[in-house]
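*Asks:* Here it is: the structure, laid out below.
Readers should treat all values here as calculations from the given coordinates under stated rules, not as data from a laboratory. Please read these numbers as outputs of a predicted model, since none were measured by experiment. Ideal geometry is used to build each Cβ from the backbone, glycine not excepted, and the neighbour counts take in all protein chains shown.
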Amino acid sequence: SPQGTVKDTVMFAIDVGYHHFDCAYLCQNESEIRDALQEKIEEDVVRQADLFIVSKLWSTFHERPLVKEPGQKTLAALQLDYLDLYLIHWPMGFKILRQDIETPGREELFPADGNGMTIPSNTDFLGMWE
């Protein structure tokens, strides 16, 4: 969704009865989702316990030491205590070019070589499950 439209869409969705919100680090819209959820919670329209919030671990964070932090940052960005489900966005990993997940850029989401080909990670995705 275009930046600046997500908050109104989420608020409308809650008003008409949606309770399942499928978020993703890739979408880069957690602040708008947060604003909508918090506003509806403060208005007593809904409680977090009534919602089912999903997010996903992005493909540049498949290395074992990197797995936990993005989930914690998602919780902080959404201002939630918990997610109902946290998934691996895609099973294949991408090489992380910069360890800064505070201000991601397109090159960090889809790291590419000089030919524009996505650079895969050498990380075995099964290691994330340990």
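*Asks:* Just grab the label-to-label distance for Ser31 and Glu63, each label 7 Å out from Cα along the Cβ direction, in nm (one decimal).
*Replies:* For the pair Ser31/Glu63, the computed spacing is 2.8 nm.
*Asks:* Of Leu87, Val54, Leu37, which is farthest on the positive side of the dipole of the chain, counting Cα position, with +1 on Lys and Arg Cβ, -1 on Asp and Glu Cβ, and the Cα centre as origin?
*Replies:* Leu87
*Asks:* Once amide H atoms are built 1.01 Å from N in the peptide plane, which residues 5 or more positions from Ala112, or in another chain, come under 5 Å H to H?
*Replies:* Ile119
*Asks:* If you build a Gaussian network model of the chain, linking Cα atoms that sit under 10 Å apart, which residue out of Gly93, Gly114, Gly17 swings the most?
*Replies:* Gly114
*Asks:* For the chain, with a Gaussian network of springs between Cα atoms less than 10 Å apart, report the residue from Glu43, Glu69, Glu30 with the top mean-square fluctuation.
*Replies:* In this elastic network of the chain, the residue with the biggest mean-square fluctuation among Glu43, Glu69, Glu30 is Glu43.
*Asks:* Continuing with this model, one more query. Using only Cα atoms, figure out Rg for the chain and give it as a multiple of 2.2 N^0.38 Å.
*Replies:* Working: Rg = 15.9 Å, N = 130, 2.2 N^0.38 = 14.0 Å.
This ratio for the chain stands at 1.14.
*Asks:* Here is a further query. Rank Pro65, Pro120, Pro91 by mean-square fluctuation in a GNM of the chain with C-alpha springs under 10 angstrom and give only the top-ranked residue.
*Replies:* Pro65
*Asks:* Please arrange Thr9, Thr74 by how many other C-beta atoms lie within 10 Å of their C-beta, fewest to most. Working shown, then result.
*Replies:* Details: Thr9 15, Thr74 22.
Sorted ascending by nearby Cβ count, the order is Thr9, Thr74.
*Asks:* If I take every Cα pair under 8 Å that is 6 or more residues apart in the chain, average their sequence separation and divide by the length, what percent do I get for the relative contact order? List each step's numbers first, then the result.
*Replies:* Numbers: 166 pairs, mean separation 30.2, N = 130.
It rounds to 23 percent for the chain.
*Asks:* Label point 7 Å out from Asn115 along Cα-to-Cβ: which residues of segment 50-68 have amide N under 15 Å?
*Replies:* No residue qualifies, since no backbone N sits under 15 Å from the label point.
*Asks:* Is there a quick way to get the dipole size of segment 1-107? I mean about its Cα centre, with the Cβ of Lys and Arg at +1 and of Asp and Glu at -1; what is the value in debye to the nearest 20?
*Replies:* Numbers: 11 positive and 18 negative charges, 127 e Å.
Once rounded to the nearest 20, the dipole reads 600 debye.
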